[in-house]
Amino acid sequence: MGLISKGMDVMFGDGRNVVADTVGIFRESAENAGAREAAMKDAALGQFAAEFARPRKGLFDRVIDGLNRLPRPLLAFGTIGLFIVAMVDPIWFSGRMQGLALVPEPLWWLMGAIVSFYFGARHQAKGQEFQASVVESAARAGTVQQSIRALRQMEDAPEQPATPGEPNPALEEWWQAR
């Protein structure tokens, strides 16, 4: 019996689990990982909140936002216009396309880079605005929960007339009918 007891003490230690402690060195604790992940998310939300705390809605910002919205519709409507012109006046359209065929290839590459950078930057800016709105929504979650709780309490509470003062015979008759 003493030999088995000594063997168990060697394997599991005196009041502690040596196997679990050893495995803990090689495998991450799920509880600690969850705590670290929650702390990281809180830090990221705090950083987003600090970054987007100041709204940018001056006249200059609105004008620039308006100008940034122009290229996409202009490109789309311009392309549709080219199809229409090709059907209405094929000779004029062919002349314009022959002119485009004379544009050197490096200029096409430059045009592609400019358009790519423009739309890429716009995509990034819109992505950051979306992240800011997500942070604002997450910040309002507590207030929304409190409002829902208050609405449910009002729903469960017995209905009372909202107007104190002079009695309203029609309202009293309605209350009695219910």
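Quick notes on this one:
- Net length gained if the chain between Gln153 and Ile114 were fully extended (0.36 nm per residue, minus Cα distance): 8.3 nm
- Legend: Rg and Dmax of region 35-178, from Cα coordinates, 29.8, 89 Å.
- Set of lysines with alpha-carbon distance to Lys57 below 21 Å, sequence-local pairs under 8 removed: Lys126
- Potential lengthening of the chain between Glu136 and Leu3 amounts to 41.4 nm, from the contour at 0.36 nm per residue minus the alpha-carbon distance.
FYI, it's all coordinate maths here, none of it is from the lab. Just so it is clear, the structure is predicted and the values come from calculations on it, not from any experiment.
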